[in-house]
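Every number in this text was worked out from the coordinates using simple rules, so none of it is lab data. Source: prediction; values computed, not measured. Positions of Cβ are backbone-derived with ideal geometry, glycine not excepted, and every protein chain shown enters the neighbour counts.
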Amino acid sequence: MKVEEIDVSAYSGYKLYEKPLKFIYKNEEFTIDKILSRSTKDSFLNHKTQHWFKVLCKNKKIFTIFYDINQDKWFISLFPL
């Protein structure tokens, strides 16, 4: 899977980075209109936790982004999941 690091503005409620609001990818800002799906992936072998979001942006493009808790970074998946 190919991923790239991105900058994300997110709402943090009862949970850190609970809801992504917008992100910057290749110097373009994308405002998230709707979260289409979300999931948490845990790996017990390497002790990683990632929060995944499939998002619909205001420009009608769909992206898959995720927050890696262990790295404290956001990424965009360049292949649909």
(request) Name the residues whose placed amide hydrogens come within less than 5 Å of the amide hydrogen of Ala10, ignoring near sequence neighbours (fewer than 5 apart) on the same chain. (result) Leu21
(message) Residue by residue through segment 9-17, what is 3J(HN,Hα) from phi via Karplus (6.51 cos²θ - 1.76 cosθ + 1.60, θ = phi - 60°)? Round to whole Hz and write x for glycine and proline.
(response) 9, 9, 7, 10, x, 6, 9, 5, 6
(message) Could you tell me the relative contact order of segment 3-77? Use alpha-carbon pairs under 8 Å, at least six residues apart, and round to a whole percent.
(response) 26
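Round to the nearest 0.05 the FRET efficiency obtained for Leu78 and Glu29 when R0 = 22 Å and r is the Cβ-Cβ distance. Present the calculation step by step, with values, prior to reporting the outcome.
Working: r = 18 Å, r/R0 = 0.83.
That pair, Leu78 with Glu29, gives E of 0.75.
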(request) Grab the beta carbon distance between Asn59 and Glu18, set R0 = 35 Å, and tell me the FRET efficiency rounded to 0.05. (result) 0.90
(request) Quick one: dipole size for segment 3-77, taken about the Cα centre, charges +1 on Lys/Arg Cβ and -1 on Asp/Glu Cβ, in debye to the nearest 20. (result) 360
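Of Asp68, Asp33, how do they rank once you tally other Cβ atoms within 10 Å and put the fewest first?
The most exposed by this proxy come first: Asp33, Asp68.
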(message) Checking the cross-link filter: which lysines have an alpha carbon closer than 20 Å to that of Lys34, excluding same-chain neighbours under 8 positions apart?
(response) Lys15, Lys19, Lys22, Lys54, Lys58, Lys60, Lys61
(request) Compute from the Cα atoms of the chain the Rg and the Dmax, the latter being the longest Cα-Cα distance, and quote both in angstrom. (result) 12.1, 38
